[in-house]
Amino acid sequence: MKREDDEQLWDLLGRAAAPKPPPFFARNVLRQVRQDPPWSDRALHWFGLRRLIPLAGLALAIASALILLHTSSFRQQPSGSSEPDLLAKIDPQDYEVVADLDDLVASDESSLWDDDTTSL
């Protein structure tokens, strides 16, 4: 702001009394600066056990919730994308082969329980 912009304001400011510091101002300021704790004490106050323990508990709870949500999403299968039955995937022309395999497996299982111990 230039003096030509508002001469009345500048005249009023020129007549105002200049502020004077109180006696021993410099001494009082230096005393206050010396009484302030160093930055290391302030940092220890911020990172003290009274604040770290609740923050660590909160961080642990958040981490465990995230892990639980992440692992549970792998366990759940979407209901619309369930795997169809194996027999539903087989072509109709292969039903005879599947039936023969079922008979073969059934006869193999029954032969395991025979009382014929001579083959052992």
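The values are calculated or read from the model by the stated rules, or taken from the named source; none is laboratory data. Fair warning: this is a prediction, and the values are worked out from it, not measured in the lab. All Cβ positions, glycine included, derive from the backbone under ideal geometry; neighbour counts span all protein chains shown.
General remarks:
- Considering each residue of region 44-67 in turn, none proves to be outside any helix (DSSP H, G or I) and at pLDDT below 75.
- Residue that is modelled with the lowest pLDDT [pool: residues in region 15-40 that are among the charged types (D, E, K, R) and loosely packed, with under 10 Cβ neighbours inside 10 Å]: 36
- If you filter region 80-91 down to residues that are under 30 Å from residue 102 (Cβ atoms) and in a helix (DSSP H, G or I), you find that the one that is modelled with the highest pLDDT is 89.
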